[in-house]
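The values are calculated or read from the model by the stated rules, or taken from the named source; none is laboratory data. Since the model is a prediction, treat every value here as computed from it, not as a measurement. Backbone-built Cβ (ideal geometry, glycine too); neighbour counts: all protein chains shown.
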Amino acid sequence: MLRYFTRRLLHGLFLVVGVSLLTFFLLQLAPGDFFAEMRLNPQMTAESVAALRHQYGLDRSVATRYLLWINSVRKGELGFSFAYDSPVASLLWARARNTLMLTLSAMLLSWLIAVPVGLGCGARPGGWSDRLCLGATSSLLAIPDLLLALGLLFLAVRTGWFPTGGMVSPGFDELSGWGKVRDVLSHFCLPVATLVLGTVPVLVRHVRAGVVEVLASPFIRAARAHGIPHRRLVARYALRGAAAPLISLLGLTITTLLSGSLLIEVVMSWPGVGPLLWEAVLARDLYVVVGTVMFSTLFLVGGNMIADALLLAVEPRIRTE
Amino acid sequence: MTGRHRIYLALGFLGALHASVLLASFLAPYDPKVQDRELPFTPPTRLHFVDVRGRFHLRPFIYTCEPSSMPAAPCVEDRTRAFPLRFFVRESSAGLEVEKANLADRGAELGVGGLKRRHWRLFGVDQQARIFLLGSDGLGRDQFSRLLHGGQVSLLAGILAAGLALGLGLMLGAVAGFYGGWVDELIMRGVELFLALPWLYLLFAVRAFLPLHLSAVQSFFLLIAVMGVVGWARPARLVRCVVLSARERDYVAAARGFGASDAYLLRRHVLPQAFGVVMTQAGILIPQFILAEVALSYLGLGVAEPVPSLGNLLAELQQYHVLASYWWMFLPGVALIPVFAGYYALANALQEGAGVVPT
């Protein structure tokens, strides 16, 4: 068991290092850097641009810079942002907290919705609820999440029920403690709703498929022959049987939610990692891009490891050697 | 309906969609780049069948629209003069100084024949009026024409990127599965690396190493290259699985015994087995890449203006007043729904045909 987890940990570490190397060296291929635009500025002399580049170490070789970057990771700084003139880590943590808040609550909410709905659909395959479910999920799947986000924003603008962007209202600091919570929650609604609407149909389909498969298996027929009512069969036996494939889906949900939230955050101006990465790409703020990509990798690798541990707890038959 | 019928139905539907965007320059009444600064954000033109005197006409007609000072207010139709819709016209609307000037230049170069090069359009109206079936954008460009041309760019980007990703995946997956050993190990580690990242982050990161300011054509092909390079991992893994089981078959061993080369074995006996997997992956990857193009272009990192794509058409909604007031600016996004529905139906039908339970 311990060996299994050590191996998984090493594997995760390999991935993280590999991704850091990949992004770092790809970014070196970029023509121009953060200071390239400055050269066009008539108030900057070529010497001062060169001095700035020297100061930030941009005139050194790629390998040296990678080592320097590793060193700064060791110090917990994750490199230096040119645009914000501060270590990347301090920038990233504030943003990462907001992104995590968004994605984790969206994930929780979508599972809370998807499991009962999927059970309801799969309980009687081919029945009216099943067909309704398939129709609803396919139509939701066909709506791109960008359109979903824009549509919800349109609704918010037209009705005024929800704030249309950001995380807090102007004048947030003057609000009382309860008022602050309510303010953030109201800003939460739209991005979370978009993410949930994008994830739920996929999850519902997986839950349904799992339940249908389990319900067709012999042990369910045996249980039915023993007179266990259908409702209890579905809620207890089928759900437990379908749990294993669902848990391995957890990793998938994290990926889709992270990718989805990147776009949604920019569209809804949620102060998360998404807008940070977007601005960094536009400004060629090298280390911020690397840092953000590293954050997403870490989150994903961690999520997958948690999913593996859960899977092991539910399904002891899985070989760990 | 049997699985085969559903596949044909989905293919036919998608074929019709693609044909309509391919024929964009015929179906659209205007050139997508032509501006009319006098008519920004004109609401969709209404087609009339009954005139002011209550008489019914079989041929629909339109009225010109006076731009109103109030944003989003329905424009005031000038009912004094009707403009009948004409079909199969030659380049309906002049009065477009830009294009006229261009054509005059070209006409001068080519001699008089230059002006005759204007091509046929399915429908149009007389020069004094303009027909905006889906409204116009902030520069007075016809949203319907831009939607069709933008669809051309976006759908093509999806198909080309998926083709690239599948080609890479097929090649690398086949090599990994067929030869095994350290090659397999290396390629599969690469697959894990690419699958470990949320793909939109990866797309952003790869986009970051390309120059920011590019011409529209360059950015289009770079976008395709980036998406294809990012998306190869999943098909490669699936192809490898198929190849692994196929190369152990008796007929492969027999062919090898008769002295068949590796290349022949792959081409003749092993890779045809992967056809189903590749097709199903195409059904999944194409909409994903269309969405990626839309997202990147929306964020200003994809296809650049003035070439329309569904993404940069939606980008106008980043302005608050456009989002709040002009509902027809959402239509490029709505147009994606049938495309996606078609591709999902196709992928589902293909998966069922392959004996996989649709999820």
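Here are some notes:
- Filtered by the rule that a residue be touching a Gly at 6+ places or on another chain (Cβ under 9 Å) and in a loop (DSSP other than H, G, I, E, B), the stretch A:99-136 gives no residues.
- Residue list for the stretch B:325-337, filter: in contact (Cβ under 8 Å) with a residue 12 or more places away in the chain and at the interface with chain A (Cβ under 8 Å from one of its Cβ atoms): B:PHE330, B:GLY333, B:LEU336
- Checking each residue in the stretch A:278-298 for being more than 10 Å from chain B (Cβ to nearest Cβ) and either hydroxyl-bearing (Ser, Thr, Tyr) or outside any helix (DSSP H, G or I) (or both) picks out only A:TYR287.
- Within the option set B:ALA274, B:ALA292, B:ALA282, being assigned to a helix (DSSP H, G or I), touching a residue at least 40 places away in the same chain (Cβ under 8 Å), of a type in the set (Gly, Ala, Ser) and within 12 Å of chain A (Cβ to nearest Cβ) holds for one residue only, B:ALA292.
- Taking every residue in the stretch A:177-188 that is farther than 16 Å from A:MET268 by Cα and pairing it with any residue that is part of a helix (DSSP H, G or I) and modelled with pLDDT under 75, at least 6 positions away or on another chain, the pairs with Cβ-Cβ distances below 7 Å are A:LYS180/A:PHE172.
- Scanning the stretch A:210-239 for residues that are over 13 Å from A:ARG124 (Cβ atoms) and in contact (Cβ under 8 Å) with a residue 60 or more places away in the chain yields a total of 3.
- Within the stretch B:345-359, residues that are at the interface with another protein chain (Cβ under 8 Å from one of its Cβ atoms) and within 20 Å of A:LEU140 (Cα to Cα) have Cβ atoms under 6 Å from residues that are at pLDDT below 80 and in a helix (DSSP H, G or I) in these pairs: B:PRO358/B:GLN351; B:PRO358/B:GLU352, counting only partners at least 6 apart in sequence or on another chain.
- Qualifying residue in the stretch A:170-190 (condition: within 30 Å of B:LEU314 (Cβ to Cβ), within 30 Å of the chain's Cα centre (by Cα) and modelled with pLDDT of 85 or more): yes
- The residues of the stretch B:298-315 that are in contact (Cβ under 8 Å) with a residue 24 or more places away in the chain and within 11 Å of another protein chain (Cβ to nearest Cβ), listed by number, are B:LEU301, B:LEU310, B:GLY311.
Residues are listed down the side, and each one gets a yes or a no for (1) within 22 Å of the chain's Cα centre (by Cα); (2) modelled with pLDDT of 90 or more; (3) buried (at least 21 other Cβ atoms within 10 Å of the Cβ):
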{"residue": "A:ALA94", "(1), (2), (3)": "yes, no, no"}
{"residue": "A:ARG97", "(1), (2), (3)": "yes, no, no"}
{"residue": "A:LEU100", "(1), (2), (3)": "yes, no, no"}
{"residue": "A:THR103", "(1), (2), (3)": "yes, no, yes"}
{"residue": "A:SER110", "(1), (2), (3)": "yes, yes, yes"}
{"residue": "A:LEU119", "(1), (2), (3)": "no, no, no"}
{"residue": "A:GLY122", "(1), (2), (3)": "no, no, yes"}
{"residue": "A:PRO125", "(1), (2), (3)": "no, no, no"}
{"residue": "A:LEU140", "(1), (2), (3)": "yes, no, no"}
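- Where A:GLY227 falls short, out of the listed (1) at negative phi; (2) surrounded by fewer than 19 Cβ atoms within 10 Å (Cβ to Cβ): (1)
- Selected residue (only one of B:VAL226, B:VAL217 is under 22 Å from the mean Cα position of the chain (by Cα), surrounded by 23 or more Cβ atoms within 10 Å (Cβ to Cβ) and either of a type in the set (Val, Ile, Thr) or within 9 Å of another protein chain (Cβ to nearest Cβ) (or both)): B:VAL226
- Filtered by the rule that a residue be in contact (Cβ under 8 Å) with a residue 40 or more places away in the chain and at the interface with chain B (Cβ under 7 Å from one of its Cβ atoms), the stretch A:129-142 gives A:SER138, A:LEU141.
- If you go through the stretch A:299-321 and keep only what is more than 9 Å from chain B (Cβ to nearest Cβ), of a type outside the set (Gly, Ala, Ser) and within 15 Å of A:HIS11 (Cα to Cα), you end up with A:MET305, A:ILE306, A:ASP308, A:THR320, A:GLU321.
- Out of A:VAL196, A:VAL202, A:VAL184, sole residue that is within 28 Å of A:THR253 (Cα to Cα), away from chain B (no Cβ under 14 Å), surrounded by 15 or more Cβ atoms within 10 Å (Cβ to Cβ) and touching a Leu at 6+ places or on another chain (Cβ under 8 Å): A:VAL196
- Checking the stretch A:131-151 against the condition returns a match, with at least one residue being closer than 28 Å to B:VAL339 by Cβ and of a type in the set (D, E, K, R).
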